[in-house]
Structures are given as structure tokens and as C-alpha cells.
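This report refers to the structure that appears directly beneath it.
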Amino acid sequence: ETVVLIYADNGKGVADEYREKIFDPFFTTCRHKGNPGLGLHIVYNLVTVQLGGSITLEHGDKLGCTFKIIIPRIAPNS
């Protein structure tokens, strides 16, 4: 009754000190470049509030990031 999505990239990863904050609103390591820090917070809200699921950062080492998204097959708001 659930759908599991795994998203992985091969970017530079997420430093250990940022992992706890990654889904926080306005968290960014590049504010000086004009990044508002809303991207993963928006994804978090869509997955958890709109779709009734969960999202976790499974791996975020120097070889990239892996996110696990679990959502119900039928969204609770549909």
C-alpha cells in the first residue's frame, strides 16, 4: 500500500554538521550566492503534508546523496 522512491545523485554530498538541518526552512550553505534555502523544505512539506509520507536522507557522503521517500499509494488529501 506504499510507494518507495529512492533518489540518488553523485554530487559532493552533505557534511555531517548539516544533516540535522537539511529539511529546515531557510537552511542553506550558499546564502552569499543568493540561495534562499527553501528547496528541500518545500520537498519535505510536499511529501509529508500533501502526500502523507516521509523523506529521509539515507546517505550524504562525499560520493553524493541518497534520499528515501515513502508515500501511501493513495494520498490522504485526494
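What pairs can you find where one residue is in region 53-67 and at positive phi, the other is open to solvent by 30 Å² or more (accessible area, probe 1.4 Å), and their Cβ atoms are less than 9 Å apart, with a gap of 6+ or different chains?
64/8; 64/9; 64/10; 64/11; 64/12
Can you list the strands (runs of 3 or more DSSP E) found entirely within the chain that contain at least 1 residues being at pLDDT 90 or above and touching an Asp or Glu at 6+ places or on another chain (Cβ under 6 Å)?
Where strands (runs of 3 or more DSSP E) fall fully within the chain and carry at least 1 residues being at pLDDT 90 or above and touching an Asp or Glu at 6+ places or on another chain (Cβ under 6 Å), they are 66-72.
The values are calculated or read from the model by the stated rules, or taken from the named source; none is laboratory data. A quick note: this is a predicted structure, and the numbers were derived from the prediction, not measured. Virtual Cβ from ideal backbone geometry, glycine too; neighbours counted across all protein chains shown. Protein only, heavy atoms only, side chains kept; ligands, DNA and RNA dropped before computing areas. Shrake-Rupley method; radii C 1.70, N 1.55, O 1.52, S 1.80 Å.
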